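Notes follow once the structure below has been shown.
Taken together, the values in this text are just the output of simple stated rules run on the coordinates, not laboratory data. Since the model is a prediction, treat every value here as computed from it, not as a measurement. Methodologically, a virtual Cβ is constructed for each residue, glycine included, from the backbone with ideal geometry; neighbour enumeration extends over all protein chains shown.
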Amino acid sequence: MVKPAVDEGSRDNDATPVVMKFGGSSVADLTRLRAVAKRVSERAKSCPVVVVVSAMGKTTNNIVAMARELMDPPPARELDMLLSTGERNAMALLAIAIHACGQRAISLTGSQCGIITDHQPGRARIIEVRPFRILDEIAAGHIVIVGGFQGVSYKREVTTLGRGGSDTSAVALAAALGADCEIYSDVDGVYSADPRDVPEARRIDELDYEQAQALSRAGAKVLHAQAVQLAEERSIAIYARHSNPAIQGQTVIRRNPVPRPTGVLAIASDPDIASVQIIAPDSGALVERLMVELAGNLGLRYLTIDPFGARGLLSCSQQTNAEEVLSALQARASEHGLPKVQVQRERAVVSCVGAGLEERSDLLARAVSILGRANISVFEIHSDARTLAFVIPASRRTQAVRILHSELVKSQGS
Ligand code: ADP
Ligand code: ASP
Ligand code: MG
């Protein structure tokens, strides 16, 4: 077979690089992977390119299911090691496809790229990026392909960053390289609701970091929440685009976009929530300490403490090791002599995300009445300046998203 000639065009290897991240759907099969290779190869003719890639298609789901067949929950360390292989597979295949396009590429794991994390298996946070190897490879004229969603902990274990975490790898690398961050997926930006749930949802052209983060935390998986937080800390603009170059729209996430009126900008939802309650009347500081510790270590959100105990919500869709978290919670509670832990599954959280919501009690009242009219039970309500969140039965999630979108988002003409 004839080896293709290397065509670097007019690339200046000292120019500012760009980070392009392609998610699982963009590389779901070899045809799509080749299309990404072609696009990256063209871009690399004008500037250095670092590509962050996710596991192909549903690979991550499939390998989690395999592990669970063997043991449920699987040991967290081994699960992280296994999960990291999905991205390794994709990165090497993409590098090979780029070679086939006549460019030089090299694939690197998160650990080889100096992505250092803390030691929380399944939901590690990036502490530092030491991009020396990437800089060396750029200087050597390579397109660098990085396996997303993974790093290495200070204990030298392979870690993963939580579901959807390749976005965070991309932002972290962009920050370390002083690069722009472009996130490509199967949708051309952030919409006023998941277009799969609400076909008439509209693209939001510009978002500030706080709104984007509130949306991601509420379950809009188009961007990973940690990625947006990191982008804000490091003042990195994120461009969310479609991986098909024929689809031209985008959402830019940056500081101070065009100011918006107060109100609901978008509806997001998290389909798989466990509502956790520790029943411990009059145990005061003990429950408080335990819940705060659990919230930090295990990822519980919307913590509430009252004289009867404490409660919080765990997102099973955003965390790969939610089952293990729940067992750890049971174990920690009984260690402290608090045996009554109740876990309610089959809950969803539907959130209205916007600006100035703390001044708009009318919107909270309207949302409650909209859900009430549809006979959707609301188990809990949590609100702050950017989010009105409703815990409801998981089976009613799509309907709740649709009616809240049609009555609260569309009516404002935003
Ligand atoms: P990737 O695999 O490229 O990381 P994801 O599946 O993580 O892509 O994210 C893209 C998906 O996010 C879209 O297919 C869409 O269904 C979903 N999504 C959820 N909420 C939103 C939203 N508000 N705007 C756009 N897409 C959304
Ligand atoms: N492959 C991982 C997941 O499916 C990470 C990512 O796609 O960003 O969650
Ligand atoms: Mg994603």
What residue among Asn375, Asn321, Asn244 has the largest mean-square fluctuation in a Gaussian network model of the chain, using Cα springs under 10 Å? Asn375
Amide H contacts under 5 Å for Gly110, restricted to residues at least 5 apart in sequence or on another chain and with H modeled in the peptide plane, are Gly147
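Expressed as a rounded percentage, what relative contact order does the chain have, with Cα pairs under 8 Å and six or more residues apart?
Values: 936 pairs, mean separation 56.0, N = 414.
Averaging sequence separation for qualifying contacts and normalising by length gives 14 percent for the chain.
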Would you mind pulling out the separation of the Cα centroids of the stretch 307-321 and the stretch 242-272, in Å? 27
Taking only the Cα positions of the chain, the convex hull volume per residue in Å³ is 149
Extreme residue, positive dipole direction of the chain, given options Ala220, Gln342, Ala37 (C-beta unit charges): Ala37
Provide the packing ranking of 361-373, 100-112, i.e. peptides ordered by the mean count of other C-beta atoms within 10 Å per residue, highest first. 100-112, 361-373
Placing unit charges on C-beta atoms (Lys and Arg positive, Asp and Glu negative, everything else neutral), compute the dipole magnitude of the stretch 315-414 about its Cα centre in debye, rounded to 20. 360
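Using only DSSP helix segments of four residues or longer, with each worth -39500 (n - 2.57), what per-residue ellipticity at 222 nm results for the chain after dividing by its residue count and rounding to 500?
It lands at -10500 deg cm²/dmol.
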Counting DSSP beta bridges in the chain, what percent are antiparallel, to the nearest 5? 60
Would you mind checking which residues have amide H under 5 Å from Ile183's amide H? H placed 1.01 Å from N; only 5 or more apart, or other chain. Lys21, Tyr239, Ala240, Arg241
Which residue, chosen from Ala331, His142, Ala268, occupies the Cα position most advanced towards the positive end of the dipole of the chain, where the dipole is computed from +1 (Lys, Arg) and -1 (Asp, Glu) charges on Cβ about the Cα centre? His142
Once phi is turned into ³J(HN,Hα) by the Karplus curve 6.51 cos²θ - 1.76 cosθ + 1.60 with θ = phi - 60°, what whole-Hz value does each residue of the stretch 77-89 show in order, with x for glycine and proline? 5, 5, 5, 4, 4, 5, 4, 5, 6, x, 6, 5, 4
How do Val198, Val353 line up, fewest other C-beta atoms within 10 Å first? Val198, Val353
Net dipole in debye of the stretch 167-225 [+1 Lys, Arg Cβ; -1 Asp, Glu Cβ; about Cα centre; nearest 20]: 200
Classified through the alpha carbon gyration tensor (a ≥ b ≥ c as square roots of its eigenvalues; rounded if a/c is under 1.5, else prolate when a/b is larger than b/c, else oblate), the stretch 105-197 comes out oblate
Pick out which of Thr159, Thr387, Thr85 has the largest mean-square fluctuation in a Gaussian network model of the chain, springs linking Cα atoms closer than 10 Å. Thr85
Any residue on another chain or 5+ positions along whose placed amide H is under 5 Å from the amide H of Ala355 is listed here as Gly263, Leu265
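Label the stretch 185-311 by shape, choosing from rounded, prolate and oblate, from the square roots a ≥ b ≥ c of the eigenvalues of the Cα gyration tensor; if a/c is under 1.5 it is rounded, and otherwise prolate applies when a/b is larger than b/c, oblate when it is not.
prolate
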Run through the DSSP bridge list for the stretch 204-325 and note the antiparallel percent, rounded to the nearest 5. 90
